[in-house]
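Data first, discussion second: the structure below is written as structure tokens.
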Amino acid sequence: MRNPSNIYTALIGSEAESIQGGPRCQALHAAGSGSPTGRIPGPTFIQFHWYDKFAIEEPFPWAPYAELGLDKPCLIGEVATASTEHTAEEYLQAACAGGYQGLLLWSYRAGDEFSSFARARAGLARWCASPGC
């Protein structure tokens, strides 16, 4: 079993280098707990996935982060880049305007019905190059 303090996860794909990113698009690196015992002391952030099928119960754009009453930072951990009524740019803008700490687009490599990085790429580049929300 691996010691969690030695596990590093980079949340960036090789494609990110080809996007002409602005000040908001920088590599995000998440490190293990750093605890000498290897124990992770609970979550450091909260994330959720959102797909169009959830719109009846949780409409888009999402409720603002400040209204959720959470005690940890929250990011939207997965949204579709295909088979969706919304663009990557709309998702990014909603996450930013709602006060969320980030958003991850699904998926660069999955190749399933919810993945189309090619569809998301131009909107992602525009959003990254624009200042503020």
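The values are calculated or read from the model by the stated rules, or taken from the named source; none is laboratory data. Computed from a predicted model, the values in this text were never measured in an experiment. Backbone-built Cβ (ideal geometry, glycine too); neighbour counts: all protein chains shown. To get the accessible areas, we keep the full protein, side chains included, count just its heavy atoms, and leave off ligands, DNA and RNA. Shrake-Rupley method; radii C 1.70, N 1.55, O 1.52, S 1.80 Å.
Contact annotation: residue pairs with Cβ atoms under 6 Å, 6 or more positions apart or on different chains, pairing a residue in the range 42-54 that is within 13 Å of residue 91 (Cβ to Cβ) with a partner that is surrounded by fewer than 13 Cβ atoms within 10 Å (Cβ to Cβ) and of a type in the set (D, E, K, R), are 52/85. Restricting 64, 59, 43 to those that are under 18 Å from residue 132 (Cα atoms) and surrounded by fewer than 13 Cβ atoms within 10 Å (Cβ to Cβ) reduces the list to 64. List every residue pair whose Cβ atoms sit under 8 Å apart, with the two residues 6 or more apart in sequence or on different chains, where the first one lies in the range 61-90 and is in contact (Cβ under 8 Å) with a residue 12 or more places away in the chain and the second, anywhere, is of a type in the set (Ser, Thr, Tyr) and not in a loop (DSSP other than H, G, I, E, B). Here the result reads 74/65; 76/91; 79/91, each pair linking the range 61-90 to a residue that is of a type in the set (Ser, Thr, Tyr) and not in a loop (DSSP other than H, G, I, E, B). Residues in the range 105-133 that are open to solvent by less than 70 Å² (accessible area, probe 1.4 Å) and touching a residue at least 60 places away in the same chain (Cβ under 8 Å): 114, 117, 124, 125, 127, 128, 129, 130. Filtered by the rule that a residue be more than 13 Å from residue 48 (Cα to Cα) and either modelled with pLDDT under 95 or exposed (fewer than 15 other Cβ atoms within 10 Å of the Cβ) (or both), the range 73-86 gives 83, 85.
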